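Comments concern the structure below.
The values are calculated or read from the model by the stated rules, or taken from the named source; none is laboratory data. The structure presented is a predicted model; accordingly, all values stated were derived computationally and were not measured. No Cβ is skipped: glycine too gets one built from the backbone with ideal geometry, and neighbour counts run over all protein chains shown.
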Amino acid sequence: MINVIGLGYIGLPTALMMASHGVEVVGTDYNKELVATLNAGKTTFEEKGLDELFQNAVNAGIKFTTEYQVTDTYIVSVPTPYDKDSKKIDACYVNAAVKDVMKVCPKGATVVIESTVSPGTIDKFVRPVIEENGFVIGKDINLVHAPERIIPGNMVYELLHNNRTIGADDKAIGEKIKNLYASFCQGEIVVTDIKTAEMTKVVENTFRDINIAFANELAKICRSDNMDVYEIIRIANKHPRVNILTPGPGVGGHCISVDPWFLVGDYPGLANIILAARKINDSMPDFVLERIANIMKENNMTDVSRVGFYGLTYKENVDDMRESPTLQMLASMERHLCGNSVKVYDPYIKKDVVPNQMHDLDEFLNAVDFVVLLVGHNEIKENMDKLKGKIVLDTRKICDLEGTYRL
Ligand code: SAJ
């Protein structure tokens, strides 16, 4: 039996996927409400294909509880935030989970860490927790790192098809865990050592952050000299070895905007491009605010309450608001004392989370003259006509209406 610890964005789909493929799974989370929701037959976030996967897993006998189980294999997928001051990883959730596993696990058990961790975290934080409990690693407890790679919005497909990395101290244990993941994963599964697996995962997200930063920097350069960044990217990408990403209002989510900081925090003086990329991406929400101010001036518009932000999530067609550029813009406006009056709307966010939040697209559009498109949800793509006659700033290149402003 596999005990999956942490039933969030990664742990839940992973647990469901294993259970749907014939593995006996118990999912554990310390959040009683979350466990109650799952036990009531409901999923806890929106994701394409998740409800169907959930049903399959329930039919296959998956269980959800707040209790840690006595078993031979644990998969830990709890959050790994970073400390905003030191920029280093905050391993408190991983530590707490491993500590709790140690209280119940029998000798011979394997502990798999799925959470993203910076290189050396398992040596520095996880091994001591295991040893403090009197276990000898490699003899009493086996340690594995199997970082996840799935993208919100396409998690179910990517769980099935992406290649994966397994880091283990012991090749045979690595192979055993590889076989467990191969119960559902059709991609290639590479077995390596733990530190290489830790670094690889962080490097993947850093690669993307740097590439998005390049696109964002181009947007700023082009804006300063009246060039069309999208046309330039479109043409440059016709080169066989060029593939520039898309500029946007900033980088959100719990991965790409977080993981590169681990390298900055752990390798000061060495992680230079990485730090520059982080700063560029973090500057984008303020760049959009500046664009808004200029467009308002150009249109002789002074009433901020007639401006509407479309989109609160960090990207399209997900309900995840972590590190979202829109939230960063609202916080920045608040700091500069001009906040609290823009209207905000996102079809995925049903609860009130910010001031002046609206819950109906038509009402939202009626209440504003200037719409800032911050997230390219399908909903707005299918309703573009409704933006006719409005001032539109499109930060995602989704609107082709005449007169649309871009980044
Ligand atoms: N973004 C842009 N321009 C682009 C692409 C993205 O501005 O051209 C923005 C998005 O709008 C979003 C942010 O960047 O705010 C990140 O979005 P994303 O879709 O690129 O990635 P995430 O954060 O949803 O998921 C990433 C993925 N990593 C990589 O693509 C290398 C995913 O595979 C990882 O599993 C995930 O991080 C994770 O958990 O680490």
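Scan region 139-147 and tell me whether some residue there is outside any strand (DSSP E or B), within 30 Å of His377 (Cβ to Cβ), in contact (Cβ under 8 Å) with a residue 40 or more places away in the chain and within 12 Å of the ligand (Cβ to nearest atom). So far as region 139-147 goes, yes, one or more of its residues are outside any strand (DSSP E or B), within 30 Å of His377 (Cβ to Cβ), in contact (Cβ under 8 Å) with a residue 40 or more places away in the chain and within 12 Å of the ligand (Cβ to nearest atom). Scanning region 248-259 for residues that are out of contact with any helix residue (DSSP H, G or I) (no Cβ under 6 Å at 6 or more places or on another chain) and farther than 16 Å from Phe214 by Cβ, we see that the one that is nearest to the ligand (Cβ to nearest atom) is Gly253. For region 160-178, residues that are surrounded by fewer than 16 Cβ atoms within 10 Å (Cβ to Cβ), within 16 Å of the ligand (Cβ to nearest atom) and either among the charged types (D, E, K, R) or not in a helix (DSSP H, G or I) (or both) total 1. The residues listed here are Leu270, Leu275, Leu245; of these, the one that is away from the ligand (no atom under 16 Å from the Cβ) and either touching a strand residue (DSSP E or B) at 6+ places or on another chain (Cβ under 6 Å) or not in a helix (DSSP H, G or I) (or both) is Leu270.
Please tell me if Ser77 is closer than 23 Å to Met155 by Cα and buried (at least 23 other Cβ atoms within 10 Å of the Cβ). Judged against the criteria, Ser77 is a match.
Within the bounds of region 265-272, is there any residue that is within 16 Å of Val375 (Cα to Cα) and out of contact with any Pro (no Cβ under 9 Å at 6 or more places or on another chain)? No, there is no match, as no residue in region 265-272 is within 16 Å of Val375 (Cα to Cα) and out of contact with any Pro (no Cβ under 9 Å at 6 or more places or on another chain). One residue stands out in region 336-352 among those that are touching a Phe, Trp or Tyr at 6+ places or on another chain (Cβ under 9 Å) and part of a loop (DSSP other than H, G, I, E, B): the one that is nearest to the ligand (Cβ to nearest atom), namely Asp346.
Looking across Ile5, Ile89, one residue alone is in contact with a Ser or Thr (Cβ under 7 Å, 6 or more places away or on another chain), at pLDDT below 95 and buried (at least 23 other Cβ atoms within 10 Å of the Cβ). It is Ile89. From the list Phe287, Phe262, the lone residue that is touching a helix residue (DSSP H, G or I) at 6+ places or on another chain (Cβ under 9 Å), part of a helix (DSSP H, G or I), of a type in the set (A, V, I, L, M, F, W, C) and at pLDDT below 95 is Phe262. Reported count of residues in region 229-274, each being among the acidic types (Asp, Glu) and in contact (Cβ under 8 Å) with a residue 60 or more places away in the chain, is 2.
Where the second residue is of a type in the set (Asp, Glu) and the first is at pLDDT 95 or above and lies in region 23-49, which pairs have Cβ atoms under 8 Å and are six or more apart or on separate chains? Cβ pairs passing all conditions: Thr28/Glu67; Val35/Asp29; Thr43/Asp51.
Residues that are within 24 Å of Lys220 (Cα to Cα), in contact (Cβ under 8 Å) with a residue 60 or more places away in the chain and hydroxyl-bearing (Ser, Thr, Tyr): does region 400-407 have at least one? Looking for residues that are within 24 Å of Lys220 (Cα to Cα), in contact (Cβ under 8 Å) with a residue 60 or more places away in the chain and hydroxyl-bearing (Ser, Thr, Tyr), one finds at least one in region 400-407, hence yes. Listed by first and then second residue, the pairs linking a residue in region 360-387 that is farther than 12 Å from Cys399 by Cβ to a residue that is acidic (Asp, Glu) and not in a loop (DSSP other than H, G, I, E, B), with Cβ atoms under 9 Å apart and 6 or more places separating them unless they lie on different chains, are Leu361/Glu379. Of the residues making up region 297-335, those that are more than 11 Å from the ligand (Cβ to nearest atom), of a type in the set (Ser, Thr, Tyr) and not in a loop (DSSP other than H, G, I, E, B) are Ser305, Tyr310, Ser332. When each of Tyr157, Tyr181 is tested for being surrounded by 16 or more Cβ atoms within 10 Å (Cβ to Cβ) and of a type in the set (Phe, Trp, Tyr), the lone residue that passes is Tyr181. Against the test of being touching a residue at least 40 places away in the same chain (Cβ under 8 Å) and surrounded by fewer than 20 Cβ atoms within 10 Å (Cβ to Cβ), the options Thr116, Thr65, Thr71 yield a single qualifying residue, Thr71.
For Ile235, the requirement of being among the aliphatic types (A, V, I, L, M) and near the ligand (Cβ under 9 Å from one of its atoms) is not met.
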